[in-house]
1. Looking at T283 and the list (1) within 29 Å of W201 (Cβ to Cβ); (2) in contact with a Gly (Cβ under 8 Å, 6 or more places away or on another chain); (3) at pLDDT below 85, which single condition is not satisfied?
2. Looking at T39, is it at pLDDT below 85, over 22 Å from Q142 (Cα atoms) and among the polar types (S, T, N, Q)?
3. Under 8 Å between Cβ atoms, at least 6 apart or on separate chains: pull out the pairs that start in the range 125-143 with a residue that is surrounded by fewer than 12 Cβ atoms within 10 Å (Cβ to Cβ) and end on any residue that is of a type outside the set (D, E, K, R) and part of a helix (DSSP H, G or I).
4. Can you find even one residue in the range 65-76 that is more than 19 Å from L284 (Cα to Cα), modelled with pLDDT under 70 and in contact with a Leu (Cβ under 9 Å, 6 or more places away or on another chain)?
Amino acid sequence: MDALVSINSNWGIMFIIQTTVGILANSFLFHLYNFPLFTPQVVRPMNLILNQLVISNTLVLFSKGIPQTVATFGLTSFLGEAGCKLLLYLYRVARGVSLSTTSLLSGFQAIKLQPKLSGWLKLRTRSSKCIVTCCFLCWIPQLLLNIPVSMIKPGPKNSNNLSDKGIHRYCSLTMPEKLTFLIKAVIISVSDIMCLVLMAWASGCMILVLHKHKHRIQHIHSHSLSQRPSHEDRATRTILILVTMFLSFYSLASILSFCITQTVNPSPWLLNTSVLLSLSFPTLSPLVFNFSNICVLHFCCVFWIKKTNSPTVVSDV
């Protein structure tokens, strides 16, 4: 018994560290991308996509990281039926928005990298003008697709059966019938697959453009000249790292989630590992942006300088 309590405490400490680091990193990144609003710096339309990614990641950490941490220390079923459904709904919506926003970010960056030909130039112009609409559309499908979460019936309180609690140990829920569960899973999976396909296409385009750009630069410049990567190249590499991270964590978490739903009494190790993976992307993605973004140093240098001029909004074209 003592060994089990010790193991749960270790997992709880890991969740506390992961959730705290994730919330702090996302908060810093949110201030970083909104800092130009208080200075005469340029406000980029792409910051709206990044802000939405930060908000969705933070919602994931709040709706799953904090309750899961509390449940790991032994306080299970501390939420009422309404609170349990609300947290599950917020988590699934935020997770879906994070997926949609990541695919939107990769697609937008892939369009920006394309040559300035007539066809691509028109698409780049339109894409910059449609960012607000695209961000809005990331929320609507997720808000609608996850409405069935509010129809899930609560399971027996204080149940020791882990299959009743599923992946969310802080809620005791009764799993729906297999046919109903399968239909809902297929509907949500179609939306996820579309986003994953867009990510794969955008990543392939970006890798191809970077490969061509590298060979062109090597052909033009001599070896004696320093060849520093441009801001666009750095941003593209950052997004590629982000997409790779998302695909990796998403795939592993999905596999473990499927194993949990197909197991009558999944082991606590399997449940905790699934939670750890599902919270990894919201925690690590802002760290990738913070360490790779050249604006971080500039933000720290000018933080103490007060600016009163209005920001200038420019297009990313």
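The values are calculated or read from the model by the stated rules, or taken from the named source; none is laboratory data. Predicted, not measured: the structure shown is a model, and the values here were computed from it. Glycine also receives a Cβ, built like all others from the backbone with ideal geometry; neighbour counts cover every protein chain displayed.
1. (3)
2. The answer is yes for T39.
3. Close Cβ pairs satisfying both conditions: V132/L48.
4. If we filter the range 65-76 for residues that are more than 19 Å from L284 (Cα to Cα), which is where we start, we get 67, 70-76.
Okay, now just the ones that are also modelled with pLDDT under 70, so 76.
So of that shortlist, the ones also in contact with a Leu (Cβ under 9 Å, 6 or more places away or on another chain) come out as none.
Within the range 65-76 (the criterion being more than 19 Å from L284 (Cα to Cα), modelled with pLDDT under 70 and in contact with a Leu (Cβ under 9 Å, 6 or more places away or on another chain)), the answer is no, since none of the residues qualifies.
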